[in-house]
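Working notes, beginning with the structure itself.
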Amino acid sequence: MPNGALPVPTPELIQKVPTNVITGFLGVGKTTAIQHLLANRPENERWAVLVNEFGEVGIDGALFGSEQEGEIFIREVPGGCMCCAAGLPMQVALNQLLTKARPHRLLIEPTGLGHPREVLESLSSLVRSDVLDLRATMTLVDARHIMDERYLCNETFRQQIEVADLIVANKSDLYEADELEHLRRYLTFLPGDSDKPLQTVVQGKIEPDWLEAASTFQHPDKGENHHHSPPPELRDEPLPKCGYRRAENSGEGYHSCGWRFDPAVVFEYEKLFSLISGSMSERIKGVFITEEGVFGFNKADDVLSIMELDDTLESRVEMINADQLDWDAIEAALLESRTNVSDSAR
């Protein structure tokens, strides 16, 4: 080292980051719950969110709102289960997020159609090396659906319940008198520990203190990851001259179709509202630039929530349904909702 030169400081090691997996089936309110937690995080703490979506275009990052410089960092892994292909998509995204954010807490939201046990297994190496400190895994459940065969016979739903350290019955203000009891009875029939803690909340208002509970997940010596290849990531590909791109995905008994639109495309709010509120799709998430501003649309269980956003890089929407829908007709309706195209381009 030359005389008088100062040593180059080495980055502080990333160690023992408290980490929570927040899972649950489609439409149960995971994104809303994480929004609540982010809004109530301790002052002067940096939080990071790694979110996985079944669809191809990535919506949740925009619904969470813009990253707040030095406070909130968000990374998306679109295109199905992020633990697939030996966990590579998740490992790459997680390493990038940790390096950039150096967070005081990490929240991981797997897709509602993903495999939470494999996600937890994929974290094993980082837990063993003391990079992550795995805390309670929370599974959000809507007790109104607990007797629905589509849930009871779904392996992913059962796995979400089995890996949970805490069951959170969300939307409890909408339950009929016996629906919460049906959920409690269902939990008693689970293999292994049938005495899981159960909390009820409204609008995803999870108590931040619940994040501190210890994880009971037993990490295997070697993770048993899925090996179906993830679809190519389309969220950052340049858009063609037509101004939009469409991508589809299928798996776990569901089908998705998503669209990205050039930021120059402006939509007519009322037409979008009619299209989305009247859609047969079981699950819809979208962020649109309209003539009235930027809005996020979130539809589950035939209930449509709309939130005004500060900004978005581009308009995008994802629809998920158990049966294939007429994606061509839906695309035509979306294109018809644009305001700034000539009649010949419609």
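Which ordering of W327, W259 is given by a fewest-first count of other beta-carbon atoms within 10 Å?
So the ranking, lowest neighbour count to highest, is W327, W259.
Roughly what would the spin-label model give for Q15 and E181, points 7 Å off Cα along C-beta, in nm?
Each label point is offset 7 Å from its Cα along the Cβ direction, giving 5.2 nm.
Using the Karplus equation 6.51 cos²θ - 1.76 cosθ + 1.60 (θ = phi - 60°), what ³J(HN,Hα) coupling, rounded to whole Hz, does each residue of region 141-157 give in order, writing x for Gly and Pro?
Going residue by residue, I get 9, 9, 4, 5, 9, 5, 9, 7, 4, 5, 8, 4, 9, 9, 4, 5, 4 Hz, with x marking Gly and Pro.
Hey, fewest Cβ within 10 Å first, where do T139, T200 land in order?
Going from least to most buried by this count: T200, T139.
Take Q199 and D323, extend 7 Å from each Cα along the Cα→Cβ direction, and tell me the distance between the two endpoints in nm.
3.9
Sorted from fewest to most neighbouring beta carbons within 10 Å, what does the list L180, L107 look like?
Fewest-to-most ranking of L180, L107: L180, L107.
Where a number appears in this text, it was derived from the coordinates with a stated rule and is not lab data. From a predicted model like this one, the values you see are computed outputs, not experimental measurements. Counting neighbours? That spans all protein chains shown, and the Cβs are built from the backbone with ideal geometry, glycine included.
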